Structures are given as structure tokens and as C-alpha cells.
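The values are calculated or read from the model by the stated rules, or taken from the named source; none is laboratory data. Remember, it's a predicted structure, so these values are computed and weren't measured experimentally. Please note: Cβ atoms are built from the backbone with ideal geometry, for glycine as well, and neighbour counts cover all protein chains shown.
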Amino acid sequence: MPTRILVVDDSSTLRRMIENSLAESGFEVTSCASGKEAIELAQRTPPDVVITDLNMPEIDGLALTRQLRSQPSTAHCPILILTTDNTAERKQAARQAGASGWVLKPFQPETLIRAINSVCKRLEAVR
Amino acid sequence: MNLDLKEFHAAFFEEAGEHLVVLEEGLLKLETAPDDKELINGIFRSAHSIKGTGGALGFSEIAAFTHDLETVLDRMRNGEMLPTATRVELLLRATDALCSLVEAAKEERPTGDAHLEIAKELQAQLAGDESSASSDQVTLFGDEQAAATADESTVVHGAAALALMPTQRHADAPPAKVEATKRGGSNNDSIRVSVSKVEELINLVGELVIANSMVQEAFASAQEDRSLLEEALAGMERTTRQLQEEVMGVRMMPIANVFRRFPRIVRDLASQLGKSVHIEMSGEDTELDKQVIEEIGDPLTHLVRNAVDHGLESPAERLAAGKPEEGRIELRAFHEGGNVIVEIADDGKGIDANRVRQKAISLGMISADEVLTDEQVYQLIMRPGFSTAEKITDVSGRGVGMDVVKRNVESLNGSIAISSTKGKGSCFRIKLPLTMAILDGLALRLGGDVYVLPLLSVVESLRPQPEQLVHVAGNNELLMVRGEPLPLIHLHRLFDVETQITDPCSGLVVIVEHQSRKYGVLVDELIGQLQVVMKSLEANYRRVEGVSGATILGDGRVALIIDIPGMIRVAFDRLH
């Protein structure tokens, strides 16, 4: 079964870019533009990994992370933050919110895929 | 989840300590068994747990550093990287650095930068590795899932919650953690106690409650029938004694806690000195009081270092002497008559009794014509100011000397004996009490008071005959026992106690042994053997020379416990 990825980003360009590069590598990608949609989608079909932007209107990446963590179905799901932000405070906040990792934009598709594989492997190790 | 993370900190530090031990031991084994997958898995899991729990509790530096360590281990685990000697060496140094990071977090002090260098080295190992995420661009946080680990390990505060433990866990489950207070130590210390021990304690307390109500009932009818009361009291005494033993058992820990550091120490030291050393350990599961375990570490470490540095010859010297190139150090722990014996033996060059003797004479410790047994000569090396090392090496030059080793052992109510054969090796034998809280004592009367002598040091007691007494210079006497002259200490003079008995021939002399020398101690009379629970005099009053503590007797009176080394010191300081 392919790994199901949920991509959350308010920029449609970036969404497409991520979708394409991940789909090429055999991932099953669903994407949406807001945290609200993401929570609904994740409830319906819990993804294997969530990749989310940090700065989004209404529910931002951190709030989304916290909400996903509080839901039993996504409590252990790896969540990667994909952002241009590189400040230690924000990283710390993301860590505290329960994010699994932080990937900087701009990114090479390979980098993102390696990060996804790492968090999946870690989850396996824990299980 | 709104958890107070502080609550888990103590549990994390303890857990991290255990994982660090697994890491270090595992890495040491990995050097000789690089193909052992299960071993690497175990090491990896320990690093992983530290990272996970540390990260979950907000120790970001620990988590970040352990992440690099873990990633290297993960590569090795997956067979993507070979555990070469250089890498294992690096991982060992990383383990040390992680250990200091955890220590720093525990003591709530800032961490240094030392670990950053090692982190770079670890990252360098990973660099260029295909499956590695670029560390600049991707930050992987500690597994949030590992927070569950912290939830699973239950920390019990106070006794009230203890009652829940047996029903929550099976007897074969991992040990529960029970908060315990260490004498004179920080109250945050904890001891791991197996659930079965806790269950036994609860049973005994239950029995004690029943025994108590039986005594009360028997007391009501004591007018008619005393035998019921006596029976009930006997039952209560039995249960109390059992409870005491069990509670003491809670403080017991295997000596493996100390031994496990030695393979690393020996390995590092041997490579530093260009020696090849094989260390063998036995009796690691011999149990000792937690306090003894904590305090015996430094003296033992010193003895082990000494054995590697001074005891064992260089490979060339060994070959020349017809010995195998590889030196042997043996660490043994075992029970012997209510005590625990720890031996550190080497197959090195042994102690040159003649050289020690000459040195002691030149230092003025003994006179040139003094007749001493070899054992007595060896004891000289533990006198303050004595060191036979001709040049101070990097190894032996630092830290404590043999006199400190001896003092440490004695402060644990233990003793240390040395045997050695020239050319064959030496053996340091440390005798330790099982516990420091309870002492087997000999109660004696002096004036109107009761004193207690540690039974461990008592050889015999006798009523002297006038012809056994020899007066020497001043007001001092020697007691001749089977031809051996023993210095006689008048305890009443020493402690300034008023008593009718000042003539040794009307009192009793207890012969005690200290550092292979015997001394006579004059007392009024002996009361008998007893087990006493030691109370610190320092904590309740102040330090008194010659007295190691106090105890409360059955009748409620306080008896002082005599510190034999201290007593001898005071007695002879007065002489000179």
C-alpha cells in the first residue's frame, strides 16, 4: 500500500509542485488549502504523513498540528512543517505543538522525500 | 494534554542513566562483536529512548544531540554503516558527552559546548550518505510518540499510592519506582524496587496491624492470663523484625552498578598506557546497601586504576618475565559471614615489601629496627603521604591517594587488606558491611552509660590478671595477651566518664582489631550482642571524635556507638 500523504498549503503552485514530485516517487497525495479542510480530510481518511505550511489564514500550521495531535486517529501521525521560516523560536514552538520535523523552503524534492522516509521509519521503530 | 512535565524529569534522568549504561556497555561489546545485530539494536533503542523522552520533556539539546548519535546507530543497525573501531570510539565519546548533557540538565546548569564538536563529528559520519536528510534543511524533532514512554513509566510519590501498584502490574513486570530518601543525600534520589518486594512489605505491614490489635486484646485480658499477651508480643516482634529486614532489602542494590564502569576505565587506561589488559568480573549481582554502592565507586575506581597503572607491567616486561603479554585484572564480589567482600586482583609485579619498608623508614613512618609482617608493611602504603610511584604518571598523579581510599572504606565501616606476591601480583580485599543503617554491635557498660562497639572489629574479651599488665612510660599500660603486647585504652579516661572501675583487673578488656593491629579497650562490663539502628550524631548534635553515631536502646536510653579508628586516633594523639 502506498504511503498516503496529506499536503496542506495555501499556495496552489506549491501544492501542485509537492503533489507532482511526491506522486512521481510513488506516494499517494491528497492536498488542500486550509487547516480546516485538512482536519476534515484527516478525519475521513487518516494519512500516513502530513506536510503542512506554517503561515496560513485561520488555522495555521501549528494550530493544525495541535489539533491533529489531539485526535486519536492522527495522534501519532508524522507531521512535517514545510516553511521558509528558519527561526529557532518557531522551530521550538512547532516541536512543542507536536510536529515531527521541519523542512525549509525552497526544497529539493529528494530532500522532502528523505524527510518523509525518515519520519516513517521512526514511527515504525516506535511501533 | 496538560501535564506538568517536571513530574517526569526525575524519572527521565533515572531512565536516561540506565540507557546510558546500556549504550556504553553495548558499545564496548560492539568492539569485539561488530556483527551482533541484536546488540546494535539494543544500543539503538537506548539512544532512541533518551532522544524520545528527552525531546518530549523539552530537553531539546539532549534530543538534538542524541538524534545524531541515534542516526549513526540506525545506519549501523541497517547495515548501511560498519561499526569500525574509529566509529565506536566516536560513539563512546558521544555517550560521554550525552552523559554530561544529562547531568547538566539534571543539575539545571547550562550545558557547555563540548558536545557540539562531537555532534559535528557524528554529522560528518553521516554526510554524503545518500539516505541522510541534509541537516541544515531538515530538522527532525524528537519522536512525539515517545511521550507515551514517559506516560508508561509510573512514578509513585509517597506511600499512599503504593497500595495500587501490585494490582496495576504483574510481579514479572518491570520494577516500580519508589521514592526513597537517602541518608544525608538529596531527597529527590530514587531507588528502583521490584513489585514483589513492595508486595511483601505491604503484607508485612498488614501483619503488623493484626499483631498490634492482638496485643491490645491480649492486654485487656492480661490480668487473668499473661501468656496470651506474651504470645501476642512475640508475634509482633517477629513481624517487626521481618519488616525491618525487608525494608533494608529495599535499599539493596547489586554491585554491578559499580562494576559496570570498569571495563571502560580499564580499556581507556590500558590504551593510554600502551598496555593490554583483560578484565574479568564475577559476583556482579551481590547486593549492597545503596549508600555503600554509591560511596564505594571512587575507592574501587582508584584501586582498579592503580592496578592497571602500577600493578601490571608493560607488555615487554611481562614477556621478559615469562608471563602472557596481556595482563589480567579480576574483580570479585561475594558474601562472607555477613559481610560483602570485594577483591581487586592483578597478575602484575606485586608489591615490593622491601622497597615499601625502606621508603617508610626514610619518611620516618617506622623505625629501622621495627619488625613488621608483610601485611603490616603493605598497610603502610595507605598511610597519608606515602607513595611509591617514582614518577607521578598522568594516571596516578591525579585524584585520591591510597590513604583516601582507606579512609573512604573505613567510613563505610569496612576494612581493606592487601596481599601480594612479588612477581605474581597483588590483591586488595575490601570487607564491607551489608548495610550501614544497621550495625551488629557489642553493648558494654561504662559508668552509668551504655556504649556500643562494632562487632566487626571485636576479636575477644578477657579479664586481665595483674601479671599481664606492663607499665610503660607515662601513665600507659600494655596488656600481654599470649605473649603479644597490646596497647591498652582506658575508655573511661578517653571519654572522661566517672566509674568505679579504673583497675583493669576488676573490669573487662575487649580486644579490637584495626589495620591488622590489636588494641585492648578497658570497660566496666559487657552487656551483650545486639543489632542497632545507627542514627547520625552529626545530624542531631555535632561530630564527636571517637564516636560514629548513636542508637536508641530498647529501654529508650541513648547509647553512643564507638568509632574504633577514631577512638584509637584520639587515644594515641593524647599519648604523643
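Tabulated data for the structure shown
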| read-out | value |
| --- | --- |
| Given (1) modelled with pLDDT under 90; (2) surrounded by fewer than 21 Cβ atoms within 10 Å (Cβ to Cβ), index of the condition A:L41 fails | (1) |
| B:A559 part of a helix (DSSP H, G or I) and surrounded by 12 or more Cβ atoms within 10 Å (Cβ to Cβ) | no |
| Residue tally, condition closer than 16 Å to B:G54 by Cβ, among the basic types (K, R) and not in a helix (DSSP H, G or I), over the stretch B:89-125 | 0 |
| A:L112 vs. criteria within 11 Å of chain B (Cβ to nearest Cβ), closer than 19 Å to A:Q43 by Cβ, modelled with pLDDT of 85 or more and not in a loop (DSSP other than H, G, I, E, B) | no |
| Residue ID - surrounded by the most Cβ atoms within 10 Å (Cβ to Cβ), chosen from residues in the stretch B:464-489 that are farther than 18 Å from B:R517 by Cβ and either within 38 Å of the chain's Cα centre (by Cα) or small (G, A, S) (or both) | B:G474 |
| Failed condition for A:A63, given (1) within 14 Å of another protein chain (Cβ to nearest Cβ); (2) closer than 20 Å to A:W102 by Cα; (3) surrounded by fewer than 19 Cβ atoms within 10 Å (Cβ to Cβ) | (1) |
| Residue in the stretch A:49-71 that is modelled with the highest pLDDT, counting only those that are over 23 Å from A:P2 (Cβ atoms) and among the hydroxyl-bearing types (S, T, Y) | A:T65 |
| Residue in the stretch B:283-303 that is nearest to the chain's Cα centre (by Cα), counting only those that are part of a loop (DSSP other than H, G, I, E, B) and crowded, with 17+ Cβ neighbours inside 10 Å | B:T286 |
| Condition check for B:V72: buried (at least 18 other Cβ atoms within 10 Å of the Cβ), in contact with a helix residue (DSSP H, G or I) (Cβ under 9 Å, 6 or more places away or on another chain) and in contact (Cβ under 8 Å) with a residue 40 or more places away in the chain | yes |
| Residues that are over 21 Å from A:R16 (Cα atoms) and either more than 7 Å from chain B (Cβ to nearest Cβ) or in contact with a Ser or Thr (Cβ under 9 Å, 6 or more places away or on another chain) (or both), drawn from the stretch A:115-125 | A:S118, A:V119, A:C120, A:K121, A:R122, A:L123, A:E124 |
| Qualifying strands (runs of 3 or more DSSP E) (wholly inside the stretch B:438-519; at least 3 residues being more than 29 Å from B:Y378 (Cα to Cα) and either among the charged types (D, E, K, R) or at pLDDT 90 or above (or both)) | B:438-446, B:449-454 |
| Looking only at the stretch A:95-107, and only at residues there that are facing another protein chain (nearest Cβ under 8 Å) and closer than 20 Å to A:I18 by Cβ, the one that is farthest from the chain's Cα centre (by Cα) | A:F107 |
| Residue list for the stretch B:34-67, filter: among the hydroxyl-bearing types (S, T, Y) and farther than 17 Å from A:K121 by Cβ | B:S46, B:T53, B:S60 |
| So A:Q92, is it within 11 Å of chain B (Cβ to nearest Cβ), within 17 Å of B:G52 (Cα to Cα), over 12 Å from the mean Cα position of the chain (by Cα) and not charged (D, E, K, R) | yes |
| Residue within the stretch B:325-332 that is more than 21 Å from B:S426 (Cα to Cα), under 21 Å from the mean Cα position of the chain (by Cα) and of a type in the set (A, V, I, L, M) present | no |
| Residue in the stretch B:245-257 that is surrounded by 12 or more Cβ atoms within 10 Å (Cβ to Cβ), modelled with pLDDT under 80 and either of a type in the set (V, I, T) or more than 31 Å from the chain's Cα centre (by Cα) (or both) present | no |
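Listed here are the residues, each with its yes/no results for (1) surrounded by fewer than 18 Cβ atoms within 10 Å (Cβ to Cβ); (2) over 22 Å from B:N257 (Cβ atoms); (3) touching a Phe, Trp or Tyr at 6+ places or on another chain (Cβ under 6 Å); (4) of a type in the set (S, T, Y).
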residue	(1), (2), (3), (4)
B:E18	yes, no, no, no
B:A33	yes, yes, no, no
B:K51	no, yes, no, no
B:M76	no, yes, no, no
B:E80	yes, yes, no, no
B:R93	yes, yes, no, no
